[in-house]
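Read the structure below first, then the notes.
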Amino acid sequence: MFRGKAHAVSRVVAAIIVAVIIAAAGIGVGVYMATQARPTTIVVTTPVPQTILTTVVQTRTMPGTTVIQTMTYTTVVTTSPTPTTPAKPPIKNPDTMIVATIGEPETLDPAWAYDTASGEVIFNIYNTLIFFDREHVDKFVPMISEKVPSVENGLVKDGGLTIIFPIRKGVKTHAGGEITPEDVEYSFERAMIQERDGGPVWMLLEPLLGVSSLSELGNLSVPADAEKIGKMIDDAVEVEGNNVIFHLAKPFPTTTFLQIWSQMWASIVDKECAIEHGAWPGTKENWVEIFKKYHNPEVPELQEADCGSGPFMLEKWEHGKYVSLVRFDDYFQGPAKLKRAIIKKVDEWSTRKLMFLKGDADIVYVPTQYIEELEGAPHIRVYKDLPLLVDVALFFTFEIDPKSPYIGSGKLDGNGIPPDFFSDVNVRKAFAYSFDWDTYIRDVWRGEAIHIPGPIPKGLPFFNPEQETYNFNLTKAKEYFKKAWGGKVWEKGFYFELLYNIGNVQRKEAAEMLKANIESLNPKFRIYVRGVEWPTYLRAMVKSQLPAFIIGWLADYPDPHNFVHPYMHSKGTFAAWQRYKNPRVDELIEKGIRTTDPEERRKIYYELQKIYFEDCPSVILYQPVGRHWERDWVKGWYYNPIYPGIYFYVLSKGY
């Protein structure tokens, strides 16, 4: 970041991090290789600037760990002469940060939310026990917890199976109370009890109960099973004095545990506030009734409630328009510099652009195909080459809800598709060969994306660059379409609707490309591309009503397990909605997260990537490289690839 008066300064700080992480015996061993770059920063000035490059190499052992970290910084300082620097315009709304983006949150319930739009609001109004240390994904700072647990400070015990958090006193909540150890215990137990379909709670269940779903432990409607499962939940999180103790069911990498516990689904809720809004009352007498009423609810209990203690409070959620957050002056770390933060839903790019150029928006979402429209615009700062631990895929639903409004007649008669249309691997492979990656990445992403073979992004450990992948080949697509369903697909044709969320131009273009290429093969092939609002898209996806869907996965934590599980495990987020199940895949995924030998892990994840190609349950469309756009009066922003959105507490406005 920069602050200039007589001249404008831009910095490029690229950090290449290679870390070898060896966990304590019995916890797990992993090799983490990631490109974690600080962005290229550009502020428009004239004339052509002068440039100075400086390179520094540092090697160190991270304190209290066995992580060896080598960092190479290349710094480019660009200076423009004072006389030609444009005059700084007055700062609009100096105590309010306005973000113009697409879509809106699905919910404000941290135990339910699993999308970035919801997460952006939640991690500003709630606190977690610990949080990421600025740009780092493997370093943490204490929040509601007074300390970050480690073996060295005695808070990680029993080979990593017992993890203790001493709770900070005096953390006030928006509802007027104070966070207690009982609130912390309640927050995690409530989340496990709620465990909604397609939600994030599997990440809590894996280390605490050793499963990814409560259904693996028994039938929640059977008294004996419900009692057993309820006791497991109760025993997994305990309060001892001022400490909250987590008991893990099986060995689990401690760093991964801390990464999960730093995210929005681990938010600490004010128990009294949650109960007032209809959440589980904390009772444990009749587990059958508890699960019947509070497990997998139709509607989030804290849908529009603010039961947090974070730096901002919910001021107003005007659906379809904006979410307004107001500063919490009693925040335990001190009040934010900003008085207010507003996240506006502005789907039209032309409107967002005008707001940005006029200074009516401070930060905007800019689709890649429009970046040239902002090149050269004054008083705008862009951070380039942001490494994203995210990929986006086209998913096929193996068992579509027969009541889906998007499958036409529901039969293979040329006017629809049957619910099991995509259960034939030939159909899936035909679609895969129909996507033109080279054209898409060049024209839609302006080259700022890469084509990868499987769900594990480039930059994570055990990514296999030699894995065979699909490429654009309409001859092969035609071949597989003719094989599909014994030739009936080619003979009868088909019709279905392919949805995208309004405002997401990249997904719209991907859908339109598939439509054009596939329809060019056979006049009987028809696909209708339809844009819908983000909440509508999510609901239909979770109900398995979308024949195929395009969506991305942002890393919850930087390990390949966090990608193969949602993409391939039968109980994973996307695979469950698709109804994809391969017993060998489930076995490998479960083995991979428990294995301590890095070479054994490599073999497991390489085999999973091979199966992904063969089964083709989905096909990766791209792994993007990101940009961040802001007015040059925005101060304090930094990049963390795990964050779901803008963290307003660190921001201010000024020159």
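The values are calculated or read from the model by the stated rules, or taken from the named source; none is laboratory data. What you see is a predicted model, and the numbers here were worked out from it, not measured in a lab. All Cβ positions, even for glycine, are placed from backbone atoms using ideal geometry, and neighbour counts span all protein chains on display. Note: accessible area is taken over every heavy atom of the protein model, side chains too, but ligands, DNA and RNA are not part of it. Shrake-Rupley method; radii C 1.70, N 1.55, O 1.52, S 1.80 Å.
Within the range 475-493, take every residue that is open to solvent by less than 50 Å² (accessible area, probe 1.4 Å) and either outside any loop (DSSP other than H, G, I, E, B) or modelled with pLDDT under 95 (or both) and give me the one that is nearest to Arg507 (Cα to Cα).
Ala477
Kindly provide the set of residues from the range 124-182 that are within 24 Å of Pro644 (Cα to Cα) and outside any loop (DSSP other than H, G, I, E, B), ordered by number.
Asn124, Ile125, Asn127, Ile130, Phe131, Phe132, Phe140, Val141, Pro142, Ser145, listed by residue number.
Out of all the residues in the range 306-324, which are open to solvent by less than 10 Å² (accessible area, probe 1.4 Å), more than 19 Å from Trp534 (Cβ to Cβ) and not in a loop (DSSP other than H, G, I, E, B)?
Phe312
Keeping to the range 272-298, report how many residues are closer than 27 Å to Val542 by Cβ, of a type outside the set (Phe, Trp, Tyr), assigned to a loop (DSSP other than H, G, I, E, B) and open to solvent by less than 60 Å² (accessible area, probe 1.4 Å).
The qualifying residues number 6.
Among the residues of the range 440-456, write down those that are part of a loop (DSSP other than H, G, I, E, B), modelled with pLDDT under 95 and out of contact with any helix residue (DSSP H, G or I) (no Cβ under 6 Å at 6 or more places or on another chain).
Gly447, the sole residue that qualifies.
Any residue in the range 133-154 that's at positive phi: show its pairings with residues that are open to solvent by less than 40 Å² (accessible area, probe 1.4 Å) and part of a strand (DSSP E or B) at Cβ separation under 9 Å, as long as the two are six or more apart or on different chains.
These pairs meet every condition: Gly154/Ile164.
Please indicate, with yes or no, whether at least one residue in the range 263-271 is part of a loop (DSSP other than H, G, I, E, B), of a type in the set (Val, Ile, Thr) and modelled with pLDDT of 95 or more.
Scanning the range 263-271 turns up at least one residue that is part of a loop (DSSP other than H, G, I, E, B), of a type in the set (Val, Ile, Thr) and modelled with pLDDT of 95 or more.
Applying the selection to the range 583-622, what residues are touching a Pro at 6+ places or on another chain (Cβ under 7 Å) and at pLDDT 95 or above?
Tyr605, Gln609, Tyr612, Phe613, Ile620 - these are the residues of the range 583-622 that are touching a Pro at 6+ places or on another chain (Cβ under 7 Å) and at pLDDT 95 or above.
Please tell me if Met232 is open to solvent by 30 Å² or more (accessible area, probe 1.4 Å) and in contact with a His (Cβ under 8 Å, 6 or more places away or on another chain).
Spelling it out, it is not the case that Met232 is open to solvent by 30 Å² or more (accessible area, probe 1.4 Å) and in contact with a His (Cβ under 8 Å, 6 or more places away or on another chain).
Mind checking whether some residue in the range 634-643 is in contact with a helix residue (DSSP H, G or I) (Cβ under 7 Å, 6 or more places away or on another chain) and either over 28 Å from Leu386 (Cβ atoms) or surrounded by 19 or more Cβ atoms within 10 Å (Cβ to Cβ) (or both)?
no
Can you tell me how many residues in the range 459-468 are surrounded by 17 or more Cβ atoms within 10 Å (Cβ to Cβ) and on the phi < 0 side of the Ramachandran plot?
Residues in the range 459-468 being surrounded by 17 or more Cβ atoms within 10 Å (Cβ to Cβ) and on the phi < 0 side of the Ramachandran plot: 4 in total.
What's the number of the condition Ile527 fails, among (1) in a strand (DSSP E or B); (2) open to solvent by less than 10 Å² (accessible area, probe 1.4 Å); (3) out of contact with any helix residue (DSSP H, G or I) (no Cβ under 6 Å at 6 or more places or on another chain)?
Among (1) in a strand (DSSP E or B); (2) open to solvent by less than 10 Å² (accessible area, probe 1.4 Å); (3) out of contact with any helix residue (DSSP H, G or I) (no Cβ under 6 Å at 6 or more places or on another chain), the lone unmet condition for Ile527 is (3).
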